[in-house]
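Encoded as structure tokens, the structure appears first; notes follow it.
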Amino acid sequence: MPRMLRRAAVLGATAHVASSRGEARAEQQAAAAAPPPMAEAPPAAPAAPEAAAPDSYAELMKLKELFDAGVLTQEEFDAEKAKILAG
């Protein structure tokens, strides 16, 4: 067998073994990273207060931008801010 063909065969075999070992390691890591199955579902926490906070923050930021741009007066800004914070 010519030298170049032997070299190609060795490199090909080495690449195949390395690829197989890499796939096996990836499968092991994926299995280890997966959370164990839960026997019971935890009780659901009320998400309404947490969900309302980002919305009110976003609304306040939009309101502040309008105030800074001069679209709203101080009185309008204060009234709208009070409505948002009241809920």
Sort out which residues of region 15-32 are of a type outside the set (Gly, Ala, Ser) and modelled with pLDDT under 75, and write them in order of number. His16, Val17
What are the pairs, 6+ residues apart or on separate chains, where a residue within region 69-87 that is assigned by TED's automatic domain parsing to the domain that holds Ala58 has its Cβ under 8 Å from a residue that is assigned to a loop (DSSP other than H, G, I, E, B) and surrounded by 10 or more Cβ atoms within 10 Å (Cβ to Cβ)? Glu80/Leu72
Quick check on region 33-50. Is at least one of its residues over 30 Å from Glu80 (Cβ atoms) and modelled with pLDDT of 70 or more? yes
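The values are calculated or read from the model by the stated rules, or taken from the named source; none is laboratory data. On a predicted model such as this, the values are computed, not experimentally measured, just so you know. No Cβ is skipped: glycine too gets one built from the backbone with ideal geometry, and neighbour counts run over all protein chains shown.
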